[in-house]
Structures are given as C-alpha cells and as structure tokens.
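Written below as structure tokens is the structure these notes are about.
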Amino acid sequence: MARVDGSETLSLPRERVWALLNDPEVLGAAIPGCHGLEREEGEEHRYRTAIAVAVGAVTGVYEGTVLYADIEEPERCTIKVSGRGDKGTIDGQGEIELHAAGDDTEVAYRGEFK
C-alpha cells in the first residue's frame with residue numbers, strides 16, 4: 001500500500017480553494033493521469049473518470065469513480081477513488097483539510113492507495 005501526505009500553502013482564501021476542489025475540470029487537472037471527470041447524474045459528489053497510472057515500466061488505464069465523502073464544507077473531506085483496468089484494480093482514499101491562514105489557505109493531505 002502506497003502512502004502520500006504533505007501540505008501546500010495557496011495564496012487564495014479557503015472558500016475559493018474549496019470551490020476549486022469541487023470543480024470537476026480543476027479536480028481532473030489536479031489528479032495525475034486523469035482523463036477528465038464527469039459528474040454522475042443525480043450525484044453531487046460522485047464522478048466517473050479514467051486515470052492512467054504508471055508504476056515503474058508498467059502503465060495501466062483504470063476506469064472508475066471519484067467520490068467525495070465525510071464533507072465538512074469548507075474545511076475537510078475524504079476522497080475515495082476506485083477503478084478497474086486491464087492490469088487489475090486500483091483503490092485509494094485520502095483526506096484533505098483546508099486551514100485558513102490570513103488571506104492564504106494551507107491544504108493538508110494524506111492518503112493511501114493500492
């Protein structure tokens with residue numbers, strides 16, 4: 001299981017960062033290998049996507065979903081990713097927390113995927 005964690009400070013107010021994280025075009029551009037996000041009909045926080053993942057010399061494309069859960073606007077949410085491709089399956093979950101720092105926002109993230 002691979003893990004990621006860290007934080008970044010953005011020169012934007014927290015409400016603007018939250019809005020960007022909920023914009024399918026912006027979110028799709030922020031996910032490495034993402035081929036775009038399409039909101040599922042009737043679901044505010046579930047998207048269909050295809051993501052290209054490379055581990056060493058092995059690359060696979062996985063079709064699946066991105067789901068926002070445990071939403072506390074504009075402070076935090078959990079993002080769950082699952083997909084299936086010709087190389088198997090991919091599953092991941094990560095938490096994002098937004099902390100106001102004056103006119104800036106600290107974006108803290110941590111997650112695991114396999």
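Within the bounds of the stretch 66-83, is there any residue that is β-branched (Val, Ile, Thr), touching a Ser or Thr at 6+ places or on another chain (Cβ under 6 Å) and within 18 Å of Glu112 (Cβ to Cβ)?
Yes: the stretch 66-83 contains one or more residues that are β-branched (Val, Ile, Thr), touching a Ser or Thr at 6+ places or on another chain (Cβ under 6 Å) and within 18 Å of Glu112 (Cβ to Cβ).
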Q | Odd one out for Glu41 among (1) touching a Leu at 6+ places or on another chain (Cβ under 9 Å); (2) without any contact (Cβ under 8 Å) to a residue 60 or more places away in the chain | A | (1)
Q: Taking the options Ile90, Ile79, Ile71, name whichever one is assigned to a strand (DSSP E or B), on the phi < 0 side of the Ramachandran plot and touching a Cys at 6+ places or on another chain (Cβ under 6 Å).
A: Ile71
Q | Residues located in the stretch 98-111, provided they are over 12 Å from the mean Cα position of the chain (by Cα) and open to solvent by 30 Å² or more (accessible area, probe 1.4 Å) | A | His99, Ala100, Ala101, Gly102, Asp103, Asp104, Glu106
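The values are calculated or read from the model by the stated rules, or taken from the named source; none is laboratory data. Predicted, not measured: the structure shown is a model, and the values here were computed from it. Reconstructed Cβ throughout: ideal geometry from the backbone, glycine too, with neighbour counts over all protein chains shown. Protein only, heavy atoms only, side chains kept; ligands, DNA and RNA dropped before computing areas. Shrake-Rupley method; radii C 1.70, N 1.55, O 1.52, S 1.80 Å.
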